[in-house]
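Participant: Got a structure here, written out as structure tokens. Questions coming.
The values are calculated or read from the model by the stated rules, or taken from the named source; none is laboratory data. If you're wondering where the values come from, they're calculated on a predicted model, not measured in any experiment. Here the Cβ positions follow ideal geometry from the backbone for every residue, glycine too, while neighbour counts run over all protein chains shown. Each accessible area value is taken on the protein alone, full model and side chains, heavy atoms only, with ligands, DNA and RNA left out. Shrake-Rupley method; radii C 1.70, N 1.55, O 1.52, S 1.80 Å.
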Amino acid sequence: MFQHVFAEMNDMLDEIIKSYPSAEGLNKQELLQKWNLLKRMSDGMLDEWLMFEEKMSQVGEREMDKPASLEPEQEAVTALPELHLECFSRGQGYFKLQMYPQAIMQFSRVVTDHPESALTRFYLALAYLNLEQMAEAGTHLQQIMYLKGSPRLKGLVCNALGCIQVKLANPEAACSLFAQALQYDPTLTEPLYNMEACRLNRGKLQYANQLTTLH
């Protein structure tokens, strides 16, 4: 499941090892940023794996005999067939490595066969947003609002649409969308941060920090 992620990480690390000794200026700085990204991903994966192992060790045979019970929203996400596709998993790997064109290619394949997949379209929209391709991002975000999705996902979509309005220099429309995001899910912190950043006209917009809450 994670082989392609580690393959991409290894390729990126090989590039750093090969190019860094002779790199200069901006190129050297970009390689250093890639190394820092790999370090953060490696540390994060290790931490998550250790927590997973700890949870596994706490589950006895008696617990495994009990029928599984999930929250309705968790059941809905788990039941989505597209989440088990290799191209979806590859898209996630590319997305985490900030390789957005490659992520778009993989997620687009998923959407071709599963046009109703709100989560895949959200990944696509965020990838386009990171590439400053506002029209493409907005198209997928608007389509999500007509699909079945949890209030949290709809809130994150409104937040991302608000970020697009900020980039288009429409602060009033942006703040309205941030407020709408909070109506869908009052526990979201990103819209609150973005509203303040919009009001002060400074600060970096946040639109993907809580993506992991959808998994």
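Participant: Which condition breaks for Pro151 when tested against (1) without any contact (Cβ under 8 Å) to a residue 24 or more places away in the chain; (2) surrounded by fewer than 17 Cβ atoms within 10 Å (Cβ to Cβ)?
Facilitator: Condition not satisfied by Pro151: (1).
Participant: If you check Asn201 against the conditions, is it open to solvent by 10 Å² or more (accessible area, probe 1.4 Å) and at pLDDT below 90?
Facilitator: The answer is yes for Asn201.
Participant: For residues that are open to solvent by 80 Å² or more (accessible area, probe 1.4 Å) and under 27 Å from Gln102 (Cα atoms), scanning just the stretch 72-89, find the one that is modelled with the highest pLDDT.
Facilitator: Only one residue tops the list, namely Glu86.
Participant: Do we have any residue at all in the stretch 131-139 that's on the phi > 0 side of the Ramachandran plot, in contact (Cβ under 8 Å) with a residue 12 or more places away in the chain and part of a loop (DSSP other than H, G, I, E, B)?
Facilitator: Checked against the condition, which is being on the phi > 0 side of the Ramachandran plot, in contact (Cβ under 8 Å) with a residue 12 or more places away in the chain and part of a loop (DSSP other than H, G, I, E, B), the stretch 131-139 yields at least one hit.
Participant: Next question, about the same structure. Kindly indicate whether Met45 is closer than 26 Å to Ala7 by Cβ, over 14 Å from the mean Cα position of the chain (by Cα), in a helix (DSSP H, G or I) and modelled with pLDDT under 80.
Facilitator: Spelling it out, Met45 is indeed closer than 26 Å to Ala7 by Cβ, over 14 Å from the mean Cα position of the chain (by Cα), in a helix (DSSP H, G or I) and modelled with pLDDT under 80.
Participant: Does Thr120 satisfy being open to solvent by 10 Å² or more (accessible area, probe 1.4 Å), assigned to a helix (DSSP H, G or I) and β-branched (Val, Ile, Thr)?
Facilitator: So Thr120 fails the test.
Participant: Pull up the stretch 166-187, narrow it to residues that are open to solvent by less than 60 Å² (accessible area, probe 1.4 Å) and in contact (Cβ under 8 Å) with a residue 24 or more places away in the chain, then point me to the one that is nearest to Arg152 (Cα to Cα).
Facilitator: Only one residue tops the list, namely Asp185.
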